[in-house]
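The values are calculated or read from the model by the stated rules, or taken from the named source; none is laboratory data. Everything quoted here is computed from the prediction, not taken from an experiment. Cβ placement follows ideal geometry from the backbone for every residue including glycine, while neighbour counts extend to all protein chains displayed. Areas reflect the complete protein model, heavy atoms only, side chains present, ligands, DNA and RNA absent. Shrake-Rupley method; radii C 1.70, N 1.55, O 1.52, S 1.80 Å.
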Amino acid sequence: MGNGTKTTRENRTITVDFHDESNYFQLICDGTAFVEFVLAFVLSIGFQLAHKATCRGDGCLTRHSHYARLRLGGLTIWRIQCASCKAVFTVLPHFILRYRRMSPEVARQALIATHGGLSLEWCATICHISPMALYRLICALGQHGLVTVLTRCHLPLPTYILADEKHSRCLTERVYLTSIVRGRVIWHLGYSASKSAAACTASYGVFQRAALAHEPSYQVRGVLTDGFDSTVSSRRTLFPKARLGFCLRHALNKLPSKLLGLSAPIRKGFRAKFHALLHRCRQRKSLRVVALGQLLRHFANRIDKAVGEDHGERVRHWFEEKKAGWYAVLEDPQMPAMSTVLDQAHNAIDRKLFAMKGFHHPGGSQGAFLTGLAHLYNLIPYQRRARNAGKCGVEIEGGRVPTSDWVLNLQILTSGGYRPAGMGATT
Ligand SMILES: [Zn+2]
């Protein structure tokens, strides 16, 4: 493949579903039928081909050249070209993976086992592939950013987000996975060796840049965090106009630790009262912030009377520190109140990383690997017995996926030659 030009050539690979292999081998014998089939498929999934910026994409496409994939026994791959902008698209049939010898069916088994929390080694053993091949496959999927893939599914950029750092380990080093979640979808899963505000800001900045490139006017309106001070400042830097709220469930779980030295039943009793208090505030239709302020004061006074003023004082002090974040949650009905879905995403990712030596290999591309895992989290459908059985996270959040086959969706959504229909000719 001659590639004399200096400009980095854009990857315009597309995956096309030819239904079965024999259909593909029949179609590659007839140029016109081949191009027509490809165009019909692109139309059917609601995508467009990513032409060059100046091209409106209404020129005709012709068969351009072909080559043989030697590792796949000399399988012929065709390229098609736009007559007006000369952009060249490589057409991969659905039964092969880009750059990979592994078949999509093997990838399907291995990826679903990985997604289910089985280690790379076990997935590889079961599917008769090397752990490194599986690791590389996930990294290859992760070459395509989450924002790119999710917006291709017609999901709007999230205006209210949950953001937090997951603590993890890479060999003996502590590392932090910066994450942004909205509902059942992970929008960002970054990697940082430090939890300093600067490092967090840099890592979340990756999401922000991708989002702004997609939509220059994008603004986050609300961010919910656990309320740990160390990470709050990076949110303030990145999303200065956003409301910054603290998770109410974390508040609830934290309360007993503010009542040190008291017996468990007493602490539980206060936790239950605090729970009722927060619930009552959230149910209100108006003046929620005023109500919470009042109820918090009463609550601390009640602790004074019941178990002593030192406890009341400690709780009052804690309220003082955190109440701004709780007010922020109540001020805006659209603000998420609890970070449960974020914790679920973290646990899911953690199960994969826990038993995963691939993550720790020294020259590893942790960023790409994590992004790949996040794609799986977003696009693998829930199991049969789950509440949202058969749907993936993207669909639950109102997005659309190109086909009913999640492996094919992964192939299509992470290929460089598509863009959603109805969007301008930007890259
Ligand atoms: Zn064109």
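A few remarks follow.
- Qualifying residue in region 329-339 (condition: without any contact (Cβ under 8 Å) to a residue 60 or more places away in the chain and either closer than 30 Å to Ser168 by Cβ or under 38 Å from the mean Cα position of the chain (by Cα) (or both)): yes
- Residues of region 216-226 that turn out to be loosely packed, with under 14 Cβ neighbours inside 10 Å and either touching a helix residue (DSSP H, G or I) at 6+ places or on another chain (Cβ under 7 Å) or free of Cβ contacts under 8 Å to residues at least 60 places away in the same chain (or both), as a count: 2
- Test for Gly142: is it away from the ligand (no atom under 16 Å from the Cβ), open to solvent by less than 30 Å² (accessible area, probe 1.4 Å) and touching a Ser or Thr at 6+ places or on another chain (Cβ under 6 Å): yes
- Options Phe25, Phe34: the member that is more than 20 Å from Ala421 (Cα to Cα) and either part of a strand (DSSP E or B) or in contact with a Ser or Thr (Cβ under 9 Å, 6 or more places away or on another chain) (or both): Phe25
- Test: residue in region 292-304 that is in contact with a Leu (Cβ under 6 Å, 6 or more places away or on another chain) and either open to solvent by 10 Å² or more (accessible area, probe 1.4 Å) or in a loop (DSSP other than H, G, I, E, B) (or both): yes
- Filter result (in a loop (DSSP other than H, G, I, E, B), open to solvent by less than 40 Å² (accessible area, probe 1.4 Å) and more than 14 Å from the ligand (Cβ to nearest atom)) within region 83-107: His94, Phe95, Ile96, Met102
- Positions within region 326-351 being open to solvent by less than 20 Å² (accessible area, probe 1.4 Å), in a helix (DSSP H, G or I) and in contact with a helix residue (DSSP H, G or I) (Cβ under 7 Å, 6 or more places away or on another chain), in sequence order: Trp326, Val329, Leu330, Ala345, Ala348, Ile349
- Val42 within 16 Å of the ligand (Cβ to nearest atom), closer than 24 Å to Gly399 by Cβ, out of contact with any Asp or Glu (no Cβ under 6 Å at 6 or more places or on another chain) and not in a loop (DSSP other than H, G, I, E, B): yes
- Qualifying residue in region 176-185 (condition: touching a residue at least 60 places away in the same chain (Cβ under 8 Å), in a loop (DSSP other than H, G, I, E, B), within 24 Å of Gly367 (Cβ to Cβ) and open to solvent by 20 Å² or more (accessible area, probe 1.4 Å)): yes
- Ala110 vs. criteria away from the ligand (no atom under 16 Å from the Cβ), in a helix (DSSP H, G or I), of a type in the set (Gly, Ala, Ser) and closer than 22 Å to Pro420 by Cβ: no
- Within region 50-62, the set of residues being farther than 9 Å from Cys82 by Cα and touching a strand residue (DSSP E or B) at 6+ places or on another chain (Cβ under 6 Å) comprises Ala50 only.
- Of all residues in region 46-82, those satisfying the criterion of being more than 14 Å from the ligand (Cβ to nearest atom) and open to solvent by less than 20 Å² (accessible area, probe 1.4 Å) are Phe47, Leu75, Ile77.
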